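In what follows, a single structure is set out as structure tokens and then discussed.
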Amino acid sequence: MSVLDAIHKVRLVLTVERFDEAVQFYRGRLGLPVVEERQRAEGSGIILALGPHTTLELFDASQADFVDQREVGRRVSGPVRLALSVQDAQAMAGVFQQAGAQLLSLPKPMPWGDYNARVATPDGMQVTIYQAATAGDDEPRNNHGAFPTSPGRSGHSVSIRDLMNRGKRHCCEGEADDRTAASFLHY
């Protein structure tokens with residue numbers, strides 16, 4: 001069993017220069033179903049389903065800048081970024097850091113309700129590690145009873161094995177996968 005078994009959903013995030021054309025291609029021509037779409041002053045974004053546990057998120061440059069500013073405090077990501085939905089963002093960020101990733105931002109609450117951290121892998125890939133606001137039934141998604149406000153708030157560390165076991169239990173309890181879709185274009 002891999003530590004990555006604790007990941008609930010994978011989101012591939014593309015920042016595209018011609019947003020409308022990209023949406024037309026993926027949604028219009030390929031027929032990918034829309035999970036959520038948002039047009040805001042901060043920018044445009046859309047989430048499309050690629051399968052039961054994978055989504056494709058398209059951002060225009062303004063939306064990518066908005067998300068980077070909220071997660072990291074400055075524009076840092078390139079045209080491709082991964083976003084991983086996990087049960088405990090704090091623990092998973094620690095796992096990535098222990099494995100050699102650079103922690104770009106500590107896990108923190110986002111304006112859209114999720115709890116996000118950002119890391120850069122040794123090859124430079126930007127990865128958002130996010131804990132959705134709720135599991136769909138208003139139960140916090142970690143074992144601390146609420147979102148921690150700082151690393152170490154829980155008073156204990158989480159081992160890789162603990163994190164994997166949590167992910168296995170979470171996966172096997174039959175939780176709905178689309179609960180993360182509602183938290184998504186929170187960006």
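The values are calculated or read from the model by the stated rules, or taken from the named source; none is laboratory data. What you see is a predicted model, and the numbers here were worked out from it, not measured in a lab. Every residue, glycine as well, gets a Cβ built from its backbone with ideal geometry; the counts of neighbours run over all protein chains shown.
Residues in the range 1-36 that are β-branched (Val, Ile, Thr) and closer than 25 Å to residue 66 by Cα: 7, 10, 13, 15, 16, 23, 34, 35. The number of residues in the range 84-93 that are surrounded by 24 or more Cβ atoms within 10 Å (Cβ to Cβ) and in contact with a helix residue (DSSP H, G or I) (Cβ under 9 Å, 6 or more places away or on another chain) comes to 5. When you check residue 54 against the structure, is it surrounded by fewer than 20 Cβ atoms within 10 Å (Cβ to Cβ), touching a Lys or Arg at 6+ places or on another chain (Cβ under 8 Å) and closer than 20 Å to residue 125 by Cα, yes or no? Yes: the conditions hold for residue 54.
Of the candidates 63, 39, 69, the single residue that is surrounded by fewer than 20 Cβ atoms within 10 Å (Cβ to Cβ), under 23 Å from residue 105 (Cβ atoms) and of a type in the set (S, T, N, Q) is 69.
Just one of (1) touching a residue at least 24 places away in the same chain (Cβ under 8 Å); (2) touching a strand residue (DSSP E or B) at 6+ places or on another chain (Cβ under 6 Å) fails for residue 121. It is (2).
Looking at residue 184, is it part of a loop (DSSP other than H, G, I, E, B), aromatic (Phe, Trp, Tyr) and at pLDDT below 95? Judged against the criteria, residue 184 is not a match.
Which ones in the range 6-33 are exposed (fewer than 14 other Cβ atoms within 10 Å of the Cβ) and more than 26 Å from residue 76 (Cα to Cα)?
24, 28, 29, 30, 31, 33
Taking the numbered list (1) hydrophobic (A, V, I, L, M, F, W, C); (2) under 14 Å from the mean Cα position of the chain (by Cα); (3) surrounded by fewer than 18 Cβ atoms within 10 Å (Cβ to Cβ) in turn, residue 99 passes all entries but (2).
Any chance the range 82-91 includes a residue that's in contact (Cβ under 8 Å) with a residue 60 or more places away in the chain, more than 18 Å from residue 132 (Cα to Cα) and touching a strand residue (DSSP E or B) at 6+ places or on another chain (Cβ under 7 Å)?
no
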